[in-house]
Amino acid sequence: MAKVYLEKLSQLMSDLHIHDQVSVELEAKHFFTGAALFADKEICASWSPGGLAFKISESEGLIASGKAKPLRYSENGRMKKGYAMFENPEDTDQQIWNNYFLKAIEQRA
């Protein structure tokens with residue numbers, strides 16, 4: 001299952017030309033049941049059965065507004081702080097994800 005999400009994440013990054021927009025090393029790889037994007041070896045985004053998640057400073061505001069949901073690794077698991085997860089990312093215009101990728105890459109901790 002993780003292979004599917006790795007392919008989706010890699011394809012989205014390619015479609016958006018994310019590698020061309022940043023000067024850090026990016027690597028997408030398998031992560032639990034999905035895939036994760038690492039910027040200079042720090043995780044900053046992931047795509048899993050739950051959706052597309054970004055580690056960004058405005059995550060709490062996006063969750064409070066209903067635009068995103070908290071990232072949880074299981075249905076009843078703890079909320080992963082600092083992440084905003086977007087359900088059904090394939091049903092959304094790809095361009096919206098460009099800014100979230102760039103913010104997540106820039107804000108990696």
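The values are calculated or read from the model by the stated rules, or taken from the named source; none is laboratory data. Values in this document were obtained by computation on a predicted structure and should not be read as measured data. A quick note on method: Cβ atoms are made from the backbone with ideal geometry, for glycine too, and the neighbour counts reach across all protein chains shown. We work out accessible area using only protein heavy atoms, side chains counted, and drop any ligands, DNA or RNA first. Shrake-Rupley method; radii C 1.70, N 1.55, O 1.52, S 1.80 Å.
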**Asked** What does the charge dipole of the chain about its Cα centre add up to, to the nearest 20 debye, if the Cβ of each Lys and Arg holds +1 and the Cβ of each Asp and Glu holds -1?
**Response** 500 debye
**Complete:** Gyration tensor on Cα atoms of region 1-106, a ≥ b ≥ c root eigenvalues, a/c under 1.5 rounded, else prolate if a/b beats b/c, else oblate, says rounded
**Complete:** For region 36-100, listing trypsin sites (Lys or Arg not before Pro) in a DSSP loop whose Cβ sees at most 11 other Cβ atoms within 10 Å gives LYS41, LYS67, ARG78
**Asked** Within the chain, how many lysine pairs that are 8 or more places apart, or on different chains, have C-alpha atoms less than 14 Å apart?
**Response** 10
**Item:** Sparsely packed GluC sites (Glu not before Pro) within region 30-109, loop by DSSP, other Cβ within 10 Å at most 10
**Value:** GLU75
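Just the accessible area per residue of the chain, please: how many Å² with a 1.4 Å probe?
Working: 6530 Å² over 109 residues.
Heavy-atom accessible area per residue stands at 60 Å².
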**Request:** For the chain, give the percent of accessible area contributed by carbon and sulfur heavy atoms, probe 1.4 Å, rounded to a whole number.
**Result:** 46 percent
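Considering only DSSP states other than H, G, I, E and B, which chymotrypsin sites (Phe, Trp or Tyr not before Pro) in region 68-102 qualify as loop sites with at most 15 other Cβ atoms within 10 Å?
When the chymotrypsin sites (Phe, Trp or Tyr not before Pro) of region 68-102 are filtered for loop state and at most 15 Cβ neighbours within 10 Å, TYR73 remain.
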**Request:** Can you tell me the order of 19-26, 5-12 when each peptide is scored by its average per-residue count of other Cβ atoms within 10 angstrom, highest first?
**Result:** 5-12, 19-26
